[in-house]
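Notes to accompany the following structure.
The values are calculated or read from the model by the stated rules, or taken from the named source; none is laboratory data. Note that the coordinates shown come from a computational prediction; the quantities given were computed from them, not determined experimentally. For neighbour counting, all protein chains shown are included, and Cβ atoms are generated from backbone atoms with ideal geometry for every residue, glycine included. These accessible areas exclude ligands, DNA and RNA; they are computed on the full protein's heavy atoms, side chains included. Shrake-Rupley method; radii C 1.70, N 1.55, O 1.52, S 1.80 Å.
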Amino acid sequence: MVKRVHIRVDADLSDDFTSIFPELLKRTQRATTTLTGNIADQQELQGILNLLSAMDVDVIEVVTMPTDDEDG
């Protein structure tokens, strides 16, 4: 089941850095970056969070929302 996700991190991530997440759109606001996109499942989300952690990027917030397919 595809979910829409917003991941906000406490860093201004470069385009080179965010290119490792091709499924996520980058938006930067004052020393934070929000990565937004569709993920297939919890395993994919956990993989993204693990990679951010391995790169010493602090995750501030993760928000999942239903996609248009789930609105009914």
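The figures follow:
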item	result
Residue-count net charge about Ile60 - beta-carbon cut-off 11 Å; Lys, Arg +1, Asp, Glu -1	-2
Dipole of the chain [Lys/Arg +1, Asp/Glu -1 at C-beta], most positive-end residue of Ala54, Ile7, Thr32	Thr32
Accessible surface of the chain [probe 1.4 Å, protein heavy atoms]: carbon and sulfur percent	47 percent
Å² of accessible area per residue within the chain, as computed with a 1.4 Å probe and no ligands counted	66 Å²
The chain, dipole about Cα centre (Lys/Arg Cβ +1, Asp/Glu Cβ -1), debye to the nearest 20	180 debye
D_trans [Stokes-Einstein, Kirkwood Rh over alpha-carbon pairs] for the chain, 20 °C, 1.002 mPa s, µm² s⁻¹	172 µm²/s
Sparse-neighbourhood loop sites, trypsin sites (Lys or Arg not before Pro) in the chain - DSSP loop, at most 11 other Cβ within 10 angstrom	Arg30
